[in-house]
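*Asks:* One structure, as structure tokens, below. Some questions next.
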Amino acid sequence: MSPADSDTLAVDGGEPVRKTPFPTVSNASGRTIGAAELEAVRRVLTSGALNSTVGTETRDLEREFAAYYGVGHVVASSSGTSALHLAVGAVNPEPGDEIITTPITDAGTVLPILLQNAVPVFADVDPATGILDVDSVRRLITPRTRAIMVVHLFGAPAPVAELRALADEHGLILIEDCAQAYLTRCRPDGRLAGTIGHIGCFSLQQSKHITAGDGGLTITDDPVLARRMRLFADKAWPRDTDERTHLFLSLNYRMTELQAAVARAQLPKLEGVVRDRRTAAQQLAKTLVSLDGLLPPTDPEATSFWQFPVVVDPERAGGNAHEYARALAAEGIPASGGYLTRPLYLTPMLAQRHTYGESGYPLSAFPASLQPEYVPGLCPQAERMIAETLLVIMWNERYTDADVDDIATALTKVHRAFQRRE
Ligand SMILES: *Cc1c(COP(=O)(O)O)cnc(C)c1O
């Protein structure tokens with residue numbers, strides 16, 4: 001192949017940098033499922049106790065995760081979304097109360113707010129990270145605000161020390177969504193994400209650092225919140241009192257013993273998973289230093305790299321995030337532009353108030369004092385990131401040096417070609 005050939009982008013008919021698949025979280029190639037998980041499932045099936053009300057695995061997982069994170073209480077549940085619903089259930093907002101959150105996240109962050117009949121209020125993000133901007137949050141606090149839900153996006157640390165101070169000043173609960181952020185370290189003192197707010201929520205879904213297929217863990221040091229979360233996950237049935245009764249409205253969000261046993265086998269692997277993702281990420285970050293207009297995560301030492309986000313400056317980089325993603329995908333590199341197709345407030349659920357029947361409740365009617373307008377322009381920084389600047393490279397603990405070299409080679413190739421077309 002002549003040098004000219006290897007310079008032609010694969011989107012323009014050139015040779016792709018990479019022709020074999022990368023390890024992926026969608027199957028065994030990019031997961032750490034092995035003998036211990038097989039044995040865990042066998043143990044539960046052999047016992048015949050598959051439900052947490054009769055088995056021991058879920059309670060053991062809760063104890064082990066509490067020790068691992070150094071917190072007083074852990075409640076397991078069926079998914080990351082349910083882990084967040086437990087948190088909002090523990091806050092127990094009045095219908096129409098407000099919870100401030102981010103427009104760049106999985107829907108699982110926002111669904112529980114609406115399901116508890118509270119109003120999601122969207123603050124804008126820091127354009128360097130896509131994470132909630134503290135000043136934007138501060139401006140949106142009203143007498144009806146009850147909580148702030150912050151997301152450590154892609155495993156990068158959110159400014160939780162500042163948000164906790166803000167929450168305390170106004171008597172709010174700070175909920176940390178750590179679904180993408182196992183073992184993320186926060187400023188200023190390196191404490192673990194999930195332990196700075198009042199409540200931290202984790203996911204064991206297929207694509208996260210560790211998995212049981214689905215599953216959730218909610219952590220807190222507050223025994224009152226913990227008690228309410230435990231009840232919320234189990235039809236508010238106070239099993240510890242032996243009385244068959246239901247103390248408040250809630251659901252069955254229990255984790256199964258099979259999930260818990262698999263999660264227990266995964267937990268000891270978590271540190272290695274995060275270390276390997278971080279090491280590979282630091283290797284790629286070195287390449288980005290020389291690529292004008294492509295900015296790597298700002299705090300790699302503290303980040304657990306659920307994915308590898310790159311903030312693209314379209315002027316300097318010669319193309320926007322979507323053009324980069326398309327060109328990289330053609331080169332055989334798993335990448336996508338924007339993370340979401342639109343900020344969450346522009347999905348039909350919110351923009352068209354598809355909630356309960358035709359009512360639009362609680363977004364359009366009493367008892368909310370606020371009738372939120374979920375319209376384009378609400379969070380300009382978030383909208384610009386999704387439309388133009390946020391490039392996401394899929395990340396994995398099984399990436400070898402050669403895998404990362406291929407990603408770096410493709411990024412350099414695309415960058416050079418995009419700069420030439422100026
Ligand atoms: C995955 C995820 C969730 C939801 O978790 P599930 O286990 O899929 O329900 C919530 N928030 C964020 C930021 C996530 O990445």
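The values are calculated or read from the model by the stated rules, or taken from the named source; none is laboratory data. Worth saying up front: this structure is predicted, and the values here are computed from it rather than measured. Because the Cβ atoms are built from the backbone with ideal geometry, glycine has one as well, and the counts that use them run over all protein chains shown.
*Asks:* In region 169-202, what count of residues is obtained for those that are at positive phi and crowded, with 24+ Cβ neighbours inside 10 Å?
*Replies:* 1
*Asks:* In this structure, is PRO376 farther than 18 Å from ASP313 by Cβ, surrounded by fewer than 16 Cβ atoms within 10 Å (Cβ to Cβ), at pLDDT 95 or above and of a type outside the set (A, V, I, L, M)?
*Replies:* So PRO376 fits the description; yes.
*Asks:* Mind listing just one residue for me: the one in region 189-244 that is assigned to a helix (DSSP H, G or I) and free of Cβ contacts under 8 Å to residues at least 60 places away in the same chain and, of those, nearest to the ligand (Cβ to nearest atom)?
*Replies:* Within region 189-244, the match that is nearest to the ligand (Cβ to nearest atom) is LEU231.
*Asks:* Do we find that THR389 is among the polar types (S, T, N, Q) and more than 18 Å from ASP126 (Cα to Cα) in this structure?
*Replies:* So THR389 does not fit the description; no.
*Asks:* Can I ask one more? Please enumerate the residues belonging to region 373-422 that are of a type outside the set (D, E, K, R), farther than 18 Å from LEU153 by Cα and outside any helix (DSSP H, G or I).
*Replies:* Once the filter is applied, which keeps residues that are of a type outside the set (D, E, K, R), farther than 18 Å from LEU153 by Cα and outside any helix (DSSP H, G or I), region 373-422 yields TYR374, VAL375, PRO376, GLY377, LEU378, TYR399, THR400.
*Asks:* A further question follows. With VAL274, VAL311 as the choices, which residue is within 26 Å of THR58 (Cα to Cα) and of a type in the set (Val, Ile, Thr)?
*Replies:* VAL274
*Asks:* Which condition from (1) part of a loop (DSSP other than H, G, I, E, B); (2) within 23 Å of the chain's Cα centre (by Cα); (3) more than 16 Å from the ligand (Cβ to nearest atom) is the one that GLU94 breaks?
*Replies:* If we test GLU94 against (1) part of a loop (DSSP other than H, G, I, E, B); (2) within 23 Å of the chain's Cα centre (by Cα); (3) more than 16 Å from the ligand (Cβ to nearest atom), just (2) comes out false.
*Asks:* Scan region 53-75 for residues that are more than 26 Å from the chain's Cα centre (by Cα) and under 22 Å from ALA87 (Cα atoms) and report the count.
*Replies:* Counting residues in region 53-75 that are more than 26 Å from the chain's Cα centre (by Cα) and under 22 Å from ALA87 (Cα atoms) gives 1.
*Asks:* Right, something else. Just checking, which of SER82, SER29 is away from the ligand (no atom under 16 Å from the Cβ) and in a helix (DSSP H, G or I)?
*Replies:* SER29
*Asks:* Within region 254-303, track down each residue that is of a type outside the set (A, V, I, L, M), closer than 27 Å to SER52 by Cα and either assigned to a strand (DSSP E or B) or touching a strand residue (DSSP E or B) at 6+ places or on another chain (Cβ under 9 Å) (or both).
*Replies:* Scanning region 254-303 gives ARG254, THR256, GLU257, GLN259.
*Asks:* Does ALA317 satisfy the condition of being surrounded by 20 or more Cβ atoms within 10 Å (Cβ to Cβ) and over 26 Å from ILE33 (Cβ atoms)?
*Replies:* yes
*Asks:* Scan region 98-125 residue by residue and report those that are farther than 16 Å from LEU249 by Cβ, assigned to a loop (DSSP other than H, G, I, E, B) and either away from the ligand (no atom under 16 Å from the Cβ) or among the hydrophobic types (A, V, I, L, M, F, W, C) (or both).
*Replies:* ILE104, VAL110, ALA123, ASP124, listed by residue number.
*Asks:* Within region 59-79, how many residues are closer than 16 Å to ARG227 by Cα, touching a strand residue (DSSP E or B) at 6+ places or on another chain (Cβ under 6 Å) and not small (Gly, Ala, Ser)?
*Replies:* Looking only at that region, the number is 5.
*Asks:* Tally the residues that are aliphatic (A, V, I, L, M) and free of Cβ contacts under 8 Å to residues at least 40 places away in the same chain, restricting the search to region 365-422.
*Replies:* Selection size over region 365-422: 3.
*Asks:* Out of LEU111, LEU86, report the one residue that is touching a Phe, Trp or Tyr at 6+ places or on another chain (Cβ under 6 Å) and either among the β-branched types (Val, Ile, Thr) or modelled with pLDDT of 95 or more (or both).
*Replies:* Answer to the check: LEU86.
*Asks:* Right, another one. For TYR339, are the conditions met, namely being within 25 Å of the chain's Cα centre (by Cα), outside any loop (DSSP other than H, G, I, E, B) and surrounded by 13 or more Cβ atoms within 10 Å (Cβ to Cβ)?
*Replies:* No, not satisfied.
*Asks:* Cβ-Cβ under 6 Å, sequence separation 6+ or interchain: first residue in region 2-26 and modelled with pLDDT of 95 or more, partner β-branched (Val, Ile, Thr) and in a loop (DSSP other than H, G, I, E, B). Which pairs?
*Replies:* GLY14/THR8
*Asks:* If we scan region 71-78, do we find a residue that is touching a Cys at 6+ places or on another chain (Cβ under 8 Å), within 16 Å of the ligand (Cβ to nearest atom) and under 30 Å from THR241 (Cβ atoms)?
*Replies:* No, the conditions are met nowhere in region 71-78.
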